Every structure is written in C-alpha cells, then in structure tokens.
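The structure appears right after this line, and notes come after that.
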Protein chains: 2
Amino acid sequence: MTHVFDEAAALEPIDGGFRAHTHPAYNNMVGPFGGITAATVVAALQAHPEAQGHPLSLTINYAAPIGNGPWDIAITVLRTNRTNQHFTFLIDQGDGAVASGTAVFGTRRDTWGATEIAFPQVGAPEDYPEVPFPEFIEWAKNYETRFIEGSLDIEGEQDSSVSTLWLRDKPARPLDYPALASITDAFFPRVFLRRGTYLPAGTISLTTYFHASPTELAEQGDDYLLGQARGARFGHGHFDQYAQVWGRNGALLATTHQIVYYKDPKA
Amino acid sequence: MTHVFDEAAALEPIDGGFRAHTHPAYNNMVGPFGGITAATVVAALQAHPEAQGHPLSLTINYAAPIGNGPWDIAITVLRTNRTNQHFTFLIDQGDGAVASGTAVFGTRRDTWGATEIAFPQVGAPEDYPEVPFPEFIEWAKNYETRFIEGSLDIEGEQDSSVSTLWLRDKPARPLDYPALASITDAFFPRVFLRRGTYLPAGTISLTTYFHASPTELAEQGDDYLLGQARGARFGHGHFDQYAQVWGRNGALLATTHQIVYYKDPKA
C-alpha cells in the first residue's frame, strides 16, 4: 500500500519538468500545507535526469495559494560545479506562477565536523503523550506529534514562542529528503503561541538546509525526530521563525528558517 | 563625494534589468564580497519600476565566482499581491549564470509586535577597540569592526563559533536596505574560528529577512550595529551560520542564514 505522503508527493514527467497534484490529506486552511509542496519540489529535483548529489539547500517562496488539482513545476539546472549543483524552479497552475525558488544539491565529503548547538534536554518520545493538532488542521493528521512544550492546546498569550516536540510521519515512514523537507515546515505559525489564538497567517518564504547525509537518513529510519521552533521578531505584519530537526540519535539533520505573514485583528 | 559603497552598488538600467560592476574595494579571496553583490541586488530590486513596498526577504545563491568587470541582473516580477510582491532574479556575465535568487517585498502594517530573543549583553561600541580584519581581506576595510568576541585574531581551535561585534560602514553611512543586506554577509566563515585557521570557504546560499521598517532604518542613521553570528552544524564539507543584526537602540533589524562550503585540509 502506498503511504499517503508518497501519494501526495507523486510526480509525472512533463515537458520541462513534472506535474504534481494537491492531495486532500494535506489540506491547510487556504491551499495545501506548504511542507508537502516543498517535499514535492525536492522529489522533483531528485528525479531530474541531470541531478547530481543530494539536497543541501532549498528556498521556496509561496506567492499565491495553490488551488486544488494539478500543478506544474519547471526546473532549470543553472550550473553544475564539481561539488555542487544550482537549480531554480517555478510552480505554475496555468494562470500564472504560484511559487518559485532555488535549490542547491551537494556532494558530501568526509571532513572535520561538529555540531555546536546542544540537543535539547528532553525525555524519550515515549515519555510524552501524543497531542494532535486541532481537528480542523487536516495535514497535521499525517504527523504523530508528542509535545514537550508549545502545543496548540493554547491557553492565552505567552512570552515564549518555542515549541519542542517529537514527531514523525503517521503512519511511520523511513525518512528521506522530501519527508525531511516537509517536516521542516510542520511547525505551525509561532504567532499563535504568542497571541494565544489562531490568526490568519501564512509562510511567505521557507529555507531549509539539509545537514543529513544519506547514511544519517538511513540511520534515522522511521524513528521519531525532535523538532524545536522559535520566532525571533514579530512586527509590522511579519515574523521569522527558525527551527532545528534532530534525529533521535542526536544528529542535527536540518535547520530551517521562514518568514511568515500574519494579520492581527487585536492590534 | 560618493561613498565607496554607493560606487560599488551603482547600477545602470539595461533591457530587462540592470548592469553593475565589481569594485576593487570590495574584493574577496575569489571574486567580490558576497555582501556587496546582495546589496546591489537589493538596490536593483528597489529601482525596478514596478517595485512596491520594501525588502522583506532575500535569498541569493552564489553559483560561480563573479569575474572582475560588469555583470547583469535580470529581474522578473513574479506576482504582486495586496501586501507583498515576489521577485526572481538571475545574474549573468555573458557566458552563463553566476548567481540567482528570489526576493519578497512587503508593505509594513501596524500590528502587535515583539522581539523574543534578547539583545546580547555587551557594552557600548566605544568600550571596544577597533579590531580590523586581516590586511588581505580587502572588502572588510569598508567596515569599522569592534569585536566583543570572536575576531579574526585567531589563536588555535576553539569550541565556539560565535562572533559578537559592533560594526558599521567605514566611513560611516546612513543605513538603508542595501547596506543592511551587505552587513548580513559581513560575518566571515564560522569554520575559521572552530578550526583556528583560514580554510577555503565560500557562501553557497544566503537568506536575509529584513525586519527593519524604513522608520527604524532612519532611527539607526549611521550609528553602530550589533551583529552576532554562529554556526549550528559543520560537516561533510558544509556548514550553516545564522546571525542577527541589531540597531544600537535594541531594534532587531535583520536575521540572516547562510550555508557555506569549506575544504578542510586537516581532515
């Protein structure tokens, strides 16, 4: 049986790129969950006949909501260097671009390495109960989420926008680059926690750096990931949020940043 | 007299975009300092006849070194929404693309706001002596840098990649979006501090979120900015670094992230 994630990220080759389809299981408030779109882009780049190496960096700008149905991604291989490869891409639904972005693939070499930031001090995933997102957030039903702090059980305004949680695909699925890309967008808008309520909000631009080597992805398998997300500055209708995604074994698999639009009717 | 920064970021309109020129004062080891390229892109976007609002997000991917001489930027206005505008751009030097990226401009509205991360605990800029970058880093001569920690006076390997410094254009120049973009790339590769030596290293992709409103830029004027930069994970020939740029008055003006390539001959 095909995993719902693979159904949602499925591609067919067309002239100059690939065609994808929105999937009802990954619906968001307006249009699809941005993470599944990012994941599908990563899958398309990996499926490109000239692709070399593995995803290193992805930036996707969400210019307009994607409508239900098919969407097309056009990929340009901008430049292939010895150890990295640069792409640009454009997502179109017939009447104009709805998203665009850039990506870099890289060849991973053995070098000195270190992880400078500390793995958060938390218990094992099994120590925390599953706390789902609210019923109306359709896409989140595809993730098993066990919050240490900062769930969507919001009880008024708070000073911290931090969420720390164990999460993985539901049902569990071996981690790959598309799934990792999707998970880097699985942290709901930080402004909900700060304001203690839901607000109209949407990602404008998402950037993810893939630190995980293919070996590290294989080591992770379908186990829980630890995610931690935080906002730095909120104001003038926009905020940034950054997050880290760790493997259960302590490997920092991805770091991610996004800038988000919000409306604040209370202001 | 024209400030050297304005000389370096100068543009002339050409069909479909603008022409810029590398400037010897902003030379880096190979090609120009990435910050001045990013700054010139921001200036070009602002000069675009259809531009609306102010810079909110910029991602620039450096695909190949820019050669000395002219370079051309082609700008596409992908979509203009009510409160934001999406751009893509391509930098070309005649024989192929050397850089590409995306940008979002936004209209800033009055909303609830908060800065969640703390301004670093440091003294006034005048409390720290000016510590320049090494003589051979040409571009850095255009910045006055007063380090609190993490200067390039490197004394062996260390566990922290953090630099905290007061800095501003030299000679001092009123802050604008292009100058702010440039400063978000003025943090040398974090791997130098960790390894205690210079290594071949270069930015692959830089993303900057502009939190500053035009009013906040004006409030900053030509005063010192506080910058703090850090790497999260180093490995497989790549690392990420993120930085915050604060106004002297405590306003968080920009947050920025980049992924950097490095070679480590010691490994």
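The values are calculated or read from the model by the stated rules, or taken from the named source; none is laboratory data. Worth saying up front: this structure is predicted, and the values here are computed from it rather than measured. We place every Cβ from the backbone using ideal geometry, glycine too, and count neighbours over all the protein chains shown.
So the values come out like this:
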{"read-out": "Residue check for A:Thr88: in a loop (DSSP other than H, G, I, E, B), more than 21 Å from A:Gln244 (Cα to Cα) and not basic (Lys, Arg)", "value": "no"}
{"read-out": "Residue satisfying all of: in the range A:7-19; without any contact (Cβ under 8 Å) to a residue 24 or more places away in the chain and not in a loop (DSSP other than H, G, I, E, B); nearest to the chain's Cα centre (by Cα) among these", "value": "A:Glu7"}
{"read-out": "Answer from A:Ala212, A:Ala229, A:Ala243 - the residue that is small (Gly, Ala, Ser), touching a Phe, Trp or Tyr at 6+ places or on another chain (Cβ under 6 Å) and over 22 Å from B:Val104 (Cα atoms)", "value": "A:Ala229"}
{"read-out": "Any hit, the range A:206-213, residues being free of Cβ contacts under 8 Å to residues at least 40 places away in the same chain and not charged (D, E, K, R)", "value": "no"}
{"read-out": "Checklist (1) in a helix (DSSP H, G or I); (2) in contact with a helix residue (DSSP H, G or I) (Cβ under 7 Å, 6 or more places away or on another chain); (3) surrounded by fewer than 24 Cβ atoms within 10 Å (Cβ to Cβ) applied to A:Leu199, failing item", "value": "(1)"}
{"read-out": "Flag if A:Val104 is facing chain B (nearest Cβ under 7 Å), in contact (Cβ under 8 Å) with a residue 24 or more places away in the chain, within 15 Å of A:His48 (Cβ to Cβ) and not hydroxyl-bearing (Ser, Thr, Tyr)", "value": "yes"}
{"read-out": "Candidate set from the range A:64-88 (those that are more than 8 Å from chain B (Cβ to nearest Cβ) and more than 16 Å from A:Ile36 (Cα to Cα)); member that is surrounded by the most Cβ atoms within 10 Å (Cβ to Cβ)", "value": "A:Phe87"}
{"read-out": "Residue within the range A:182-194 that is assigned to a helix (DSSP H, G or I), under 16 Å from the mean Cα position of the chain (by Cα) and crowded, with 24+ Cβ neighbours inside 10 Å present", "value": "yes"}
{"read-out": "Selected residue [touching a strand residue (DSSP E or B) at 6+ places or on another chain (Cβ under 8 Å) and assigned to a strand (DSSP E or B)] from B:Ala99, B:Ala44, B:Ala38", "value": "B:Ala99"}
{"read-out": "Subset of the range B:214-244 (residues that are within 11 Å of chain A (Cβ to nearest Cβ), in contact (Cβ under 8 Å) with a residue 60 or more places away in the chain and under 24 Å from B:Pro32 (Cα atoms))", "value": "B:Arg230, B:Gly231, B:Gln241, B:Gln244"}
{"read-out": "Any hit, the range B:162-181, residues being modelled with pLDDT of 95 or more and at the interface with chain A (Cβ under 10 Å from one of its Cβ atoms)", "value": "yes"}
{"read-out": "Matching entry among A:Thr203, A:Thr184 (being at pLDDT 95 or above, more than 11 Å from every other protein chain (Cβ to nearest Cβ) and in contact with a strand residue (DSSP E or B) (Cβ under 8 Å, 6 or more places away or on another chain))", "value": "A:Thr184"}
{"read-out": "Selection from the range B:204-226 of residues that are crowded, with 20+ Cβ neighbours inside 10 Å and not in a helix (DSSP H, G or I)", "value": "B:Ile204, B:Ser205, B:Leu206, B:Thr207, B:Thr208, B:Tyr209, B:Phe210, B:His211, B:Ala212, B:Tyr224, B:Leu225, B:Leu226"}
{"read-out": "Selection count where residues are touching a Gly at 6+ places or on another chain (Cβ under 7 Å), farther than 17 Å from A:Gln258 by Cα and not in a strand (DSSP E or B), scope the range A:161-174", "value": "1"}
{"read-out": "Residue match in the range A:144-158 (condition: within 19 Å of A:Val245 (Cβ to Cβ), surrounded by 24 or more Cβ atoms within 10 Å (Cβ to Cβ) and within 14 Å of another protein chain (Cβ to nearest Cβ))", "value": "no"}
{"read-out": "Those residues of the range A:107-121 which are in a strand (DSSP E or B) and either in contact (Cβ under 8 Å) with a residue 24 or more places away in the chain or surrounded by 17 or more Cβ atoms within 10 Å (Cβ to Cβ) (or both), in sequence order", "value": "A:Thr115"}
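Residue-wise test of (1) β-branched (Val, Ile, Thr); (2) at pLDDT below 95; (3) more than 30 Å from B:Glu216 (Cβ to Cβ); (4) crowded, with 21+ Cβ neighbours inside 10 Å.
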| residue | (1), (2), (3), (4) |
| --- | --- |
| B:Ala229 | no, no, no, yes |
| B:Phe239 | no, no, yes, yes |
| B:Val245 | yes, no, no, yes |
| B:Asn249 | no, no, no, no |
| B:Leu252 | no, no, no, yes |
| B:His257 | no, no, no, yes |
| B:Lys263 | no, yes, yes, no |
| B:Ala267 | no, yes, yes, no |
